[in-house]
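Reading through the structure tokens given below for one structure.
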Amino acid sequence: MEPLQLRNGAVATFAALCWAMVSCVHGVTFLEQFTPFSKDGYHVQVAPDGQEAKIVLDQYAASGFGSNYQYLFGNITMMIKLVPGDSAGTVTAYYLSSAQPNHDELDFEFLGNVSGQPYSLQTNVYANGIGRREQRISLWFDPTTDYHSYGVLWNRKQIIFTVDNKPIRLFKNNEDVGIAYPNSKPMGLYASLWNGDSWATQNGWVKTNWTHAPFIVSFRDFSTLDGCVVTNDINPCTQVTPTHWWEASAYQTIDHNQAEQLLWVKNNYMIYDYCTDTSRFPSPPVECSRNVPVL
């Protein structure tokens, strides 16, 4: 599959775009971008040069971190290397979330596995406190042996979840048919590693094996949080400007190549889709047919 490309034949990394635009947060070290949830120096470990961070789960504590900034729209990505070996029961969450109540949230949840089995990636979308939009795929590579990029391209018209710049999920703005859309609440970026063995692996049948602890997830590339930073007023982030490149007309819809990639993921790697779960939704939710890519 081809990587996600900029329109008109231009190919560029989002990190390179970030450096060229004033809307970016230019700090490139972990602590310039994030604050650890734990201060013990063990459950969140930061490399001396600030270019890599690890979060640790053991029998005593979960771990994680949150961004120092809040964003409204942009392209938010992170390089992540997941727990190797027997990670059954563990959940690595990487998500954008606004303040409660009636919060907005865009989720990546990596569900641990028994050694030798594929990792599962669950995505979800909350808008105005309404979620229950889970989709789950198997990854087509081993996410524990090297870093891979996970992100969302988020603007006023659509949200595209990406893995290594390949689109894996599309969620459009369907406010015209009464579906809430996350377009007014600033969201911070968070990551956490915790024990979810009541549900995460084979619906909770496989439990966390604590003899394999500590479980460790690694992060790097902290310069790719290319979004509109909100301070006191969201209005500047709702304006179409050259620095808000994600609001350009080229990013308001998906192109043919992106539609092919989305269908490739759906046809080959989809494990669960709330849109086809008739036990939960006897009739598919309204947005489901609208979020299907059309070739």
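The values are calculated or read from the model by the stated rules, or taken from the named source; none is laboratory data. Remember, it's a predicted structure, so these values are computed and weren't measured experimentally. Here Cβ is always computed from backbone atoms with ideal geometry, including for glycine, and neighbour counts include all displayed protein chains.
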Exercise for review: Mind listing whichever residues of region 204-221 are surrounded by 19 or more Cβ atoms within 10 Å (Cβ to Cβ) and in contact with a Gly (Cβ under 7 Å, 6 or more places away or on another chain)?
Suggested key: T208
Exercise for review: Consider T201 carefully, then state whether it is among the β-branched types (V, I, T), surrounded by fewer than 18 Cβ atoms within 10 Å (Cβ to Cβ) and either in contact (Cβ under 8 Å) with a residue 12 or more places away in the chain or out of contact with any Asp or Glu (no Cβ under 6 Å at 6 or more places or on another chain) (or both).
Suggested key: no
Point to revise | Tally of residues being assigned to a loop (DSSP other than H, G, I, E, B) and either among the acidic types (D, E) or surrounded by 23 or more Cβ atoms within 10 Å (Cβ to Cβ) (or both) across region 73-97 | key: 5
Check your understanding: Quick one: how many residues across region 57-73 are over 17 Å from the mean Cα position of the chain (by Cα) and of a type in the set (F, W, Y)?
Key -> 1
Practice item. Pick out the one residue from N155, N113, N165 that is in contact (Cβ under 8 Å) with a residue 24 or more places away in the chain, within 18 Å of R290 (Cβ to Cβ) and not charged (D, E, K, R). Key: N155
Check your understanding: What's the number of the condition Q122 fails, among (1) part of a strand (DSSP E or B); (2) in contact with a helix residue (DSSP H, G or I) (Cβ under 8 Å, 6 or more places away or on another chain); (3) not small (G, A, S)?
Key -> (2)
Study note, to complete from the structure: Per the filter on region 194-218, residues of a type outside the set (D, E, K, R) and part of a loop (DSSP other than H, G, I, E, B) are G196, S198, W199, A200, T201, W205, V206, T208, N209, A213, P214
Exercise for review: Of the conditions (1) free of Cβ contacts under 8 Å to residues at least 24 places away in the same chain; (2) of a type in the set (G, A, S); (3) crowded, with 16+ Cβ neighbours inside 10 Å, A180 clears all except one; give me its number.
Suggested key: (1)
Practice item. Taking G196 as the residue in question, decide whether it is touching a Pro at 6+ places or on another chain (Cβ under 8 Å), farther than 22 Å from L263 by Cβ and not acidic (D, E). Key: no
Check your understanding: Within region 183-198, how many residues are basic (K, R) and without any contact (Cβ under 8 Å) to a residue 24 or more places away in the chain?
Key -> 0
Exercise for review: Inspect region 103-119 for any residue being under 26 Å from E247 (Cα atoms), in a loop (DSSP other than H, G, I, E, B) and not small (G, A, S) and give the result as yes or no.
Suggested key: yes
Exercise for review: Test L170 against the stated conditions and say whether it is surrounded by 22 or more Cβ atoms within 10 Å (Cβ to Cβ) and either modelled with pLDDT of 95 or more or in a strand (DSSP E or B) (or both).
Suggested key: no
Practice item. Would you check which residues across region 266-295 are within 20 Å of S138 (Cα to Cα) and either part of a helix (DSSP H, G or I) or hydrophobic (A, V, I, L, M, F, W, C) (or both) and list them? Key: K266, N267, N268, Y269, M270, I271, Y274, C275, T276, V292
